[in-house]
Amino acid sequence: MRILQLCAVDFTLYHFLLPLMRGLRSAGHEVVGACAHGTLAAKVEAEGFRTIDVPIRRSANPLALAHSYCAIRRVLAAEKFDMVHVHTPVAALAGRVAAWRAGVPHIVYTAHGFYFHEHMPWPKRAAHIGLEWVAGRTTDLLLTQAEEDAATARRLGLARGPIHAIGNGSDPARFRPALPHETMRADIRAALGTPQDRPVILVVGRLVAEKGYPELVEAMRNVDAELWIVGERLASDHAGGIDAAVAAAERDPVLQSRIRLLGYRSDVPNLLRAADMFTLPSHREGMPRSIIEAMLAGLPVVATDIRGSREEVIDGQTGLLVPVRDAKALAAALQRLAGDPALRAKLGTAGLVRARDLYDEAKVVARQQVLLAALDASRTRD
């Protein structure tokens, strides 16, 4: 098949879709990526994939949606694809409608966490569910990462075709605990000026409020540890920023000594091996890969009790779960781990076993290949 992998920005294409693209190409398909180009599209092209620059706007504003729809429609009019596989909210909505209008034989949607969630005000939640339901009338196959999302999609009838949970994963060979002979833990800590015996908490994620940074910064007032924040705010992000939280940290001498903003890093596997625990206090997620990567590195995880995260983290066994937007509970959980190396080791070891069993990237890609091939076979039979 000629398959178009469509998402909003090249950050998603490079960091999340590249393993699937490789797998589909190895199975004999022609795979093309399409998104709004930034600095990462070239890295996808360096692996031999063609990419198409599509000016998708990450906004639910009707005019922005119309702009994105027209841009995608032009691509589909110029080229014939056997399958359009869409990802991320705006690209998924506009892309499915455009593919349906263009008569694409197979329309597939992977929901990396529905935009609507349990903590969203009901009117807004209902509106987003309505949009998903309408777009679902064009969807031949709906894939979710979390089982909870798949159950929700079946209950609400969000696709005209089958609905499957595929999970999420990363490469266990890349994200692994430090080996006895390796020195990166000591080297990274020395480079950052962090004492070797200082408990270190790592968080990796876009610098937006919905990742829980305001609560995390507040929590660190009561956690005797150092926090490394890895990530940046994308130019296309419309989610609330964290300027107020950063300003508060910069004004407070205690927080100044505990919080390090490291920006975008390409050495996340080594940072994980240099840390002692991981946290992701998000307000909403799909099935976060960052938690999986931390578990594969043998770290215990403190996360919020939300869909996806609570499927990955077993409270009291591989990490600790806390309520959303609860800085006090977050501080208590982080301090509990910071002060108990034996508990960290116990939870981290259990998380490593769970991640290697359930969240191997190769298994997730293989599941998708089977489902996409089955969809094509069913259309051929018809």
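The values are calculated or read from the model by the stated rules, or taken from the named source; none is laboratory data. As the structure is a prediction and not an experimental result, all values here were calculated from the model. As a convention, Cβ positions derive from the backbone with ideal geometry for all residues, glycine included, and neighbour counts pool all protein chains shown.
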| Do any residues in segment 42-61 that are surrounded by fewer than 17 Cβ atoms within 10 Å (Cβ to Cβ) have Cβ atoms under 7 Å from those of residues that are part of a loop (DSSP other than H, G, I, E, B), where the two are at least six apart or on different chains, and which pairs are they? | D53/H37; S59/H238
| Got a number for residues in segment 336-375 being surrounded by fewer than 18 Cβ atoms within 10 Å (Cβ to Cβ), part of a helix (DSSP H, G or I) and more than 22 Å from the chain's Cα centre (by Cα)? | 10
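State yes or no: is G286 in contact with a helix residue (DSSP H, G or I) (Cβ under 9 Å, 6 or more places away or on another chain), crowded, with 20+ Cβ neighbours inside 10 Å and under 18 Å from T318 (Cβ atoms)?
It is false that G286 is in contact with a helix residue (DSSP H, G or I) (Cβ under 9 Å, 6 or more places away or on another chain), crowded, with 20+ Cβ neighbours inside 10 Å and under 18 Å from T318 (Cβ atoms).
Take segment 311-335 and flag every residue that is in a helix (DSSP H, G or I) and crowded, with 19+ Cβ neighbours inside 10 Å.
Of the residues in segment 311-335, the ones in a helix (DSSP H, G or I) are 311-312, 327-335.
Those that are in a helix (DSSP H, G or I) and crowded, with 19+ Cβ neighbours inside 10 Å: E311, E312, A327, A329, L330, A331, A333, L334.
Within segment 3-17, can you find the residues that are buried (at least 19 other Cβ atoms within 10 Å of the Cβ) and either out of contact with any Phe, Trp or Tyr (no Cβ under 6 Å at 6 or more places or on another chain) or assigned to a helix (DSSP H, G or I) (or both)? Quick ask: steps written out before the conclusion?
Of the residues in segment 3-17, the ones buried (at least 19 other Cβ atoms within 10 Å of the Cβ) are 3-14, 17.
Correct list: I3, Q5, L6, C7, A8, V9, D10, F11, T12, L13, Y14, L17.
Can you confirm whether A294 is buried (at least 24 other Cβ atoms within 10 Å of the Cβ) and of a type outside the set (V, I, T)?
yes
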| request: All but one of (1) closer than 19 Å to M295 by Cβ; (2) out of contact with any Pro (no Cβ under 6 Å at 6 or more places or on another chain); (3) assigned by TED's automatic domain parsing to the domain that holds I292 hold for A178, so report the exception by its number. | output: (3)
| Going through segment 265-295 one residue at a time, which ones are charged (D, E, K, R) and either part of a helix (DSSP H, G or I) or under 20 Å from L179 (Cβ atoms) (or both)? | D267, R273, D276, R289, E293
